[in-house]
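One structure is given here, and the rest of the page talks about it.
Only the coordinates and a few stated rules stand behind these numbers; no lab work does. In this text, all values refer to a predicted model and were calculated from it rather than measured experimentally. Note: ideal-geometry Cβ built from the backbone for every residue, glycine included; neighbour counts use all protein chains shown.
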Amino acid sequence: METQPETSKEKRSFADHFERLWSQALVAVSNAEDEALKVVQRLAESAGWSPEEMRLRARELTERLASQRKDVEHGLDEAVKRTLTRLKVPKREQVQEVQARLNRLAERVERL
């Protein structure tokens, strides 16, 4: 059974879908960070932490969250690269190289 090549509309649909998912993932991470800060504030109040101790705990949590966020972003970036490779989407440099070759060929045809 032969498969039909993807149309540009299907590719665009995939890109739109991916952009929405990426945006939602970033919003979710940001919301998690906000919620974590609220939890620390509630813990500080219930534990009777001093303002200095609360700032220290909040800083520690923020640093851990930032590290985890970088890990998540890196994981997503790698997953996207693998997916694009599997879908055989050409890299920007490859597209530019093909475009340059087409331009050279067009110039040669015009000269003929």
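Which residue, chosen from 66, 94, 76, occupies the Cα position most advanced towards the positive end of the dipole of the stretch 28-111, where the dipole is computed from +1 (Lys, Arg) and -1 (Asp, Glu) charges on Cβ about the Cα centre?
Value computed over the given set: 94.
Give, rounded to the nearest 20 debye, the magnitude of the charge dipole that the chain has about its Cα centre when Lys and Arg contribute +1 at Cβ and Asp and Glu contribute -1 at Cβ.
With only Lys, Arg, Asp and Glu charged at Cβ, the dipole is about 540 debye.
List nothing, just return the count: lysine pairs in the chain, 8 or more apart or interchain, with Cα separation under 25 Å.
The result is 10.
Once both axes come from the Cα atoms, what is the angle between helix 8-47 and the longest principal axis of the chain, in degrees from 0 to 90, rounded to 10?
Rounded to the nearest ten degrees, it is 10.
Residue by residue through the stretch 64-74, what is 3J(HN,Hα) from phi via Karplus (6.51 cos²θ - 1.76 cosθ + 1.60, θ = phi - 60°)? Round to whole Hz and write x for glycine and proline.
Values per residue, Gly and Pro as x: 5, 5, 4, 5, 5, 5, 4, 4, 5, 4, 5 Hz.
If I fit a long axis through the Cα atoms of helix 92-111 and take the longest principal axis of the Cα atoms of the chain, what angle between them do I get, 0 to 90°, rounded to 10?
Orientation of helix 92-111: about 20 degrees from the principal axis.
Along the positive direction of the dipole of the stretch 28-111 (beta-carbon charges: Lys, Arg +1; Asp, Glu -1; about the Cα centre), which of 50, 85, 31 reaches farthest?
Of the candidates, 85 comes out farthest on the positive side.
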